[in-house]
Amino acid sequence: MAVIAGNWKMHMAPEEARAFFCAFQVDPVMADHEIVIFPPSVSLFTACECEYRDPRVQLGIQNLHWEDRGAFTGEISASMAVRAGANYALLGHSERRHVFGETDEQVALKVASALRHDLIPVVCVGETLEEREAGRVDEVILRQLDSALVSIPDPETRFLIAYEPVWAIGTGKTATPLDAAAAHGTLRGRLERAMGAATAARTEILYGGSVQPSNAAILLAACDVDGVLVGGASINPESFTEIARASG
Ligand code: PGA
């Protein structure tokens, strides 16, 4: 069993979300996987209410503000996301960090807010190409992980990690299974030291970055890869179906 997550980013308006759920059906091949879609927030409620959506396909919010309410024009709180149908929150995605300047501290506040409202956080970590070439992969992803873990004091809490090397996102360049396994092993090792062996073994670590039908199975088979976070290939029901049918 793996987690197959789709991050729609700024694609899929409400009527497109409905069309997707009409075309994407959970079949017996993928039924063991946990399938999660992160629509843009404007389509979340439509996705939640959509009569075509198999209830086994769960929903998440792509980002949230850490305050519960207030004068924060343009922002959405965790409690609103829950009421619109989210069970998961994608936090610290590299586009949030690098395009919108989100800091480790802000990601930690968002993780805390998600947990207060019973959303399952999916914490994204990943290095840029420059950081990889400078041999700083472990330093960067562990710093990002450590700062999020500050908001997860209880080892019983369910959360997920997504390792998404920035240079692999939307570029068609995928990490090799060995690169993914190395980073995932580093992250799991840190989880074990910080939260104990049971939490480390239980916590799913997803790989993201140019996951396609052609490479999903080989990535899912890599050591310590418990699922995939799919961007571009998740908005097409056919390619997402093929990915969801893959297993490691
Ligand atoms: P991609 O995006 O699959 O289009 O590379 C992955 C992500 O950003 O989550």
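Hey, any idea what % of segment 1-55's accessible area is carbon plus sulfur with a 1.4 Å probe?
The computed percentage sits at 59.
Amide H to amide H, which residues 5 or more places from GLY60 or on other chains are under 5 Å from it, using H placed in the peptide plane?
ILE37, PHE38, ASN87, TYR88
Work through the residues other than ASP32 whose Cβ is under 12 Å from its Cβ and net out their charges, Lys, Arg +1 and Asp, Glu -1.
0
Determine the gain in length on full extension of the stretch ALA217-ASN236; use 0.36 nm per residue of separation and subtract their C-alpha separation, reporting nm with one decimal.
So the extension gain works out to 5.0 nm.
Calculate for the chain the 222 nm mean residue ellipticity that helices alone would give, adding -39,500 (n - 2.57) per DSSP H run of length 4 or more and normalising by residue count, nearest 500 deg cm²/dmol.
-11500 deg cm²/dmol
At 1.4 Å probe size, with every protein chain present, just tell me what the per residue accessible area of the chain comes to in Å².
Averaged over the residues of the chain, the accessible area is 43 Å².
Just read off the accessible area of TRP66 with the full protein assembly in place, 1.4 Å probe, to the nearest 10 Å².
Roughly 60 Å² of TRP66 is accessible to a 1.4 Å probe.
In a shell of Cβ-Cβ distance under 15 Å around THR203, excluding THR203 itself, what net charge do Lys and Arg (+1) and Asp and Glu (-1) give?
-3
Once you place label points 7 Å from the Cα toward the Cβ at LEU178 and GLU156, how far apart are they in nm?
Taking the two extended label points, one gets 4.3 nm.
Let me check I've understood the local charge: for SER151, count other residues with C-beta under 13 angstrom from its C-beta, Lys and Arg +1, Asp and Glu -1. What total comes out?
Computed value for this residue: -2.
Using the charge dipole of the chain (Lys, Arg: +1 at Cβ; Asp, Glu: -1 at Cβ; taken about the Cα centre), state which of ILE243, ALA201, VAL125 has its Cα farthest towards the positive end.
Ranked along the dipole, the leading option is ALA201.
Given Cα pairs under 8 Å that are at least 6 residues apart, what percent is the relative contact order of the chain?
Value for the chain: 21 percent.
For segment 1-69, what relative contact order do you get, as a whole percent, if you take Cα pairs closer than 8 Å and at least 6 residues apart?
Rounded, it is 39 percent for segment 1-69.
The values are calculated or read from the model by the stated rules, or taken from the named source; none is laboratory data. Just so it is clear, the model here is predicted, and its values are computed rather than measured. Glycine also receives a Cβ, built like all others from the backbone with ideal geometry; neighbour counts cover every protein chain displayed. Ligands, DNA and RNA are stripped out before the accessible areas are found, and what is left, the full protein with its side chains, is counted by its heavy atoms. Shrake-Rupley method; radii C 1.70, N 1.55, O 1.52, S 1.80 Å.
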